[in-house]
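Any read-out appearing in this document is the output of simple, stated calculations on the displayed coordinates, not a laboratory observation. Since this is a predicted model, take the numbers as computed values, not measurements. Methodologically, a virtual Cβ is constructed for each residue, glycine included, from the backbone with ideal geometry; neighbour enumeration extends over all protein chains shown.
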Amino acid sequence: MPCLLQSLPTTFSFPYPETSQPPPTPNSRVTVSALATRTATSRSKFSKTFQRILANTTSNTKFKRQEDDYHSTLEALNSKGRFPRKSLGQHYMLNASINEELTMAANVKEGDVVLEIGPGTGSLTNALVNAGATVLAIERDPYMASIVRERFAGLDRVEVLEGDFIRSHIRSHMSSMLASKIPPDGNTPSAKVVSNLPFNISTDVIKLLLPMGDIFSEIVLLLQDEAALRFVDSSSKSSEYRPINIFINFYSDPEYKFKVPRTNFFPQPKVDAAVVAFKLKQITDYPQVSTIKSFFSMVNSAFNGKRKMLRKSLQHICSSPEIEAALCSVGLPPTARPEELTLEDFVKLHNLIVKTPFLDNLE
């Protein structure tokens, strides 16, 4: 497949202008330099209720497959006089084949319900729809939300909610949507998440979504490559070992899929990206702890002083001698530090030292 980026420069270093410029004429040629000097000239207000989303998910509307490339991305941005907003971490995908690979990594098929966070110009949305999915897209930027709405205006398998995903009631939205699609056999279907995330919200999104194994079967995200490697690495004794590693492996089985060079984005970020798939666990498959809240409270306390020995950092839970005895029973030295413990080690330690008074204090 020929490279879709061969006509683009290898680097981008555009400012983020604030002043308004006249919109382009209908016949003007879309160029990167023109895009960099044009800014917002109009604001559209949309107000649709979620009830319409529920009604539309059962529709059998036909959709003519659309192709996508970086020209359509630039044209979509130019049509609104928009430039990617640095404050929102906006970097748009220019390579349609990457969107298709992202869709295949999630094994999206006909009839799937997919949540997309930050659809941007709708290029990934297009790949998901081409695969047969019903898409609920949440977009914080009202200008980009209007672009996606207009692009898929004739298709009722795509709905766009405008707002901050972190503050949205996603469990309620998705539960209602899935309930409306219960098949004759009565089994409630599960959904998937497929997104090209702004790099600056990846950790918050992961913390919010991974505990939703009752809603989503799989989450496939395009992340900063360095973060992707860190999230997937579950080995202890690593300098990058953090509570987030314990969290991810508690709720899911992560897998690094493939790397995406930075040249596939506009504007070009300073780092490469990568695709990670998180296969979510059901609640019955979670490690057995007295309470999940007390478990992660202990883990976070352990890492508060990363180079501290656990017998010091966990003294608010029980005495140092008790912690040392628990560590020995787990097969660890009494001088163990948090980066030396695996998920299984933390589970065993928690079940040995966390007692009723500590649990009561968490209520």
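What is the extension gain from PHE258 to ALA325, computed as 0.36 nm multiplied by their sequence separation minus the C-alpha to C-alpha distance, in nm to one decimal?
Details: separation 67, 0.36 × 67 = 24.12 nm, distance 4.33 nm.
Fully extending the segment from PHE258 to ALA325 adds 19.8 nm.
Between GLU340 and LYS237, what is the label-point separation in nm under the 7 Å Cα-to-beta-carbon projection?
Placing both labels 7 Å along Cα→Cβ, they lie 1.1 nm apart.
Could you compute the FRET efficiency for SER97 and ARG167, with r as their C-beta to C-beta distance and R0 at 30 Å, rounded to 0.05? Could the numbers behind the result be given before it?
Working: r = 33 Å, r/R0 = 1.12.
Computed FRET efficiency for SER97 and ARG167 comes out at 0.35.
Can you list residues whose amide H is under 5 Å from ARG140's amide H, if they're 5+ apart or on another chain and H is modeled 1.01 Å from N?
So ARG140 has HN proximity to GLY118, GLY163.
Compute the relative contact order of region 292-362 as a whole-number percentage, counting only Cα pairs closer than 8 Å that sit 6 or more residues apart in sequence. Don't skip to the end; give the middle numbers.
Numbers: 71 pairs, mean separation 25.6, N = 71.
Computed value for region 292-362: 36 percent relative contact order.
For all pairs of alpha-carbon atoms in region 292-362, what percent lies in each bin of width 5 Å, listed from the first bin to the last filled one?
3, 19, 34, 29, 12, 3
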